[in-house]
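Reviewing the structure listed below.
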């Protein structure tokens with residue numbers, strides 16, 4: 001059984017990812033925490049609670065976390081892709097939440113769940129990494145309870161919010177650097193380079209809509225997102241970035257990874273938020289101290305058809 005905490009900023013692809021975890025048998029969804037990102041924190045928290053209500057998962061506690069990055073203000077939201085409310089303007093069409101928000105807050109909820117866990121727990125952050133950086137800094141005692149952190153974020157060969165940066169990492173580069181570079185908890189980074197290749201077409205979406213009430217409700221959240229990604233892809237479809245990362249979190253080995261030393265650019269310039277992977281062959285590096293630091297598993301490939309089938313099976317239950 002996969003024991004899982006999801007940290008999220010819903011977001012259309014977050015909604016798909018959250019539903020995947022909530023509906024897949026064998027996943028013990030311990031908690032959902034929310035962070036600023038695609039839309040402000042109040043909205044991401046409401047969206048997460050509504051998706052859980054759609055999936056009949058009122059048993060899962062939800063806590064709100066960081067409303068802003070660690071250091072600098074967040075430049076802007078992602079309404080250009082996700083719509084005004086994060087869900088193509090259709091959040092209100094989802095069921096009303098059936099459980100109150102946990103008063104303790106995101107970091108305290110994660111620390112409490114990890115503290116009482118008797119099996120290793122996977123954390124899947126699919127938004128900015130602010131809450132995760134705060135958790136690891138404030139509660140180092142829980143790190144042995146974390147099996148791995150499976151992160152949707154980063155771009156190795158070109159970004160989406162800038163020429164070099166992907167939205168989640170760019171939203172709080174200082175937090176991302178703490179988690180990916182300075183900490184020692186095992187991480188898997190699922191970058192945009194791979195998630196774009198996992199895009200689904202409108203035939204896949206139409207089949208999901210016909211699968212039942214949950215699939216139909218998820219499909220109804222996609223119009224703004226579909227319009228954006230049809231332009232980005234050049235064909236009618238969309239990229240459900242976060243669901244790819246959650247697939248790996250609940251079914252380890254779904255994605256093929258390679259280990260690289262990473263860094264995150266935190267300077268105020270055109271490369272801010274870029275993830276820099278050192279992909280040089282070790283035998284060609286004169287100064288081996290360059291490779292003495294931490295290495296992170298970076299997802300580089302997957303069986304695309306099998307992944308899309310796995311996502312469909314999970315979301316159409």
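The values are calculated or read from the model by the stated rules, or taken from the named source; none is laboratory data. Values in this document were obtained by computation on a predicted structure and should not be read as measured data. Virtual Cβ from ideal backbone geometry, glycine too; neighbours counted across all protein chains shown.
This table checks each residue for (1) over 23 Å from residue 190 (Cβ atoms); (2) at pLDDT below 95; (3) loosely packed, with under 13 Cβ neighbours inside 10 Å.
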position: 207; (1), (2), (3): yes, no, no
position: 219; (1), (2), (3): yes, no, no
position: 228; (1), (2), (3): no, yes, no
position: 235; (1), (2), (3): no, no, yes
position: 261; (1), (2), (3): no, yes, no
position: 305; (1), (2), (3): no, no, yes
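Inside region 112-138, can you point out the residues that are touching a helix residue (DSSP H, G or I) at 6+ places or on another chain (Cβ under 8 Å) and either surrounded by fewer than 17 Cβ atoms within 10 Å (Cβ to Cβ) or part of a strand (DSSP E or B) (or both)?
115, 120, 121, 122, 123, 124, 125, 137, 138
Working only within region 139-153, note down all residues that are in contact with a helix residue (DSSP H, G or I) (Cβ under 6 Å, 6 or more places away or on another chain) and farther than 14 Å from residue 296 by Cβ.
139, 142, 145
Do we have any residue at all in region 60-69 that's closer than 22 Å to residue 316 by Cα and either in contact with a helix residue (DSSP H, G or I) (Cβ under 9 Å, 6 or more places away or on another chain) or buried (at least 23 other Cβ atoms within 10 Å of the Cβ) (or both)?
There is at least one residue in region 60-69 that is closer than 22 Å to residue 316 by Cα and either in contact with a helix residue (DSSP H, G or I) (Cβ under 9 Å, 6 or more places away or on another chain) or buried (at least 23 other Cβ atoms within 10 Å of the Cβ) (or both).
Kindly indicate whether residue 47 is at pLDDT below 95, closer than 25 Å to residue 195 by Cα and crowded, with 24+ Cβ neighbours inside 10 Å.
no
Condition test on residue 270, is it in a loop (DSSP other than H, G, I, E, B) and within 17 Å of residue 154 (Cα to Cα)?
On the way: in a loop (DSSP other than H, G, I, E, B): yes; within 17 Å of residue 154 (Cα to Cα): yes.
When the stated conditions are applied, residue 270 passes them.
Check whether at least one residue in region 160-168 is closer than 26 Å to residue 277 by Cβ, surrounded by fewer than 22 Cβ atoms within 10 Å (Cβ to Cβ) and touching a strand residue (DSSP E or B) at 6+ places or on another chain (Cβ under 7 Å), and report yes or no.
Scanning region 160-168, I find at least one residue that is closer than 26 Å to residue 277 by Cβ, surrounded by fewer than 22 Cβ atoms within 10 Å (Cβ to Cβ) and touching a strand residue (DSSP E or B) at 6+ places or on another chain (Cβ under 7 Å), so the answer is yes.
Can we say residue 87 is part of a loop (DSSP other than H, G, I, E, B), crowded, with 17+ Cβ neighbours inside 10 Å and either under 21 Å from the mean Cα position of the chain (by Cα) or touching a residue at least 24 places away in the same chain (Cβ under 8 Å) (or both)?
The answer is yes for residue 87.
Can you run down the residue pairs with Cβ atoms below 7 Å, 6 or more apart or on separate chains, where the first is in region 38-54 and on the phi > 0 side of the Ramachandran plot and outside any helix (DSSP H, G or I) and the partner is surrounded by fewer than 21 Cβ atoms within 10 Å (Cβ to Cβ) and modelled with pLDDT of 95 or more?
Close Cβ pairs (under 7 Å, with a partner that is surrounded by fewer than 21 Cβ atoms within 10 Å (Cβ to Cβ) and modelled with pLDDT of 95 or more) do not exist here.
When you look at residue 35, is it within 25 Å of residue 272 (Cβ to Cβ) and either buried (at least 24 other Cβ atoms within 10 Å of the Cβ) or touching a residue at least 24 places away in the same chain (Cβ under 8 Å) (or both), yes or no?
Answer is yes for this residue.
Does region 289-297 contain at least one residue that is touching a helix residue (DSSP H, G or I) at 6+ places or on another chain (Cβ under 7 Å), modelled with pLDDT of 95 or more, in a loop (DSSP other than H, G, I, E, B) and within 24 Å of residue 163 (Cβ to Cβ)?
no
Would you say residue 98 is part of a loop (DSSP other than H, G, I, E, B), modelled with pLDDT under 95 and over 18 Å from the mean Cα position of the chain (by Cα)?
Judged against the criteria, residue 98 is a match.
Within region 139-159, restricting attention to residues that are assigned to a helix (DSSP H, G or I) and free of Cβ contacts under 8 Å to residues at least 40 places away in the same chain, which residue is farthest from residue 14 (Cα to Cα)?
Among residues in region 139-159 that are assigned to a helix (DSSP H, G or I) and free of Cβ contacts under 8 Å to residues at least 40 places away in the same chain, the one farthest from residue 14 (Cα to Cα) is 141.
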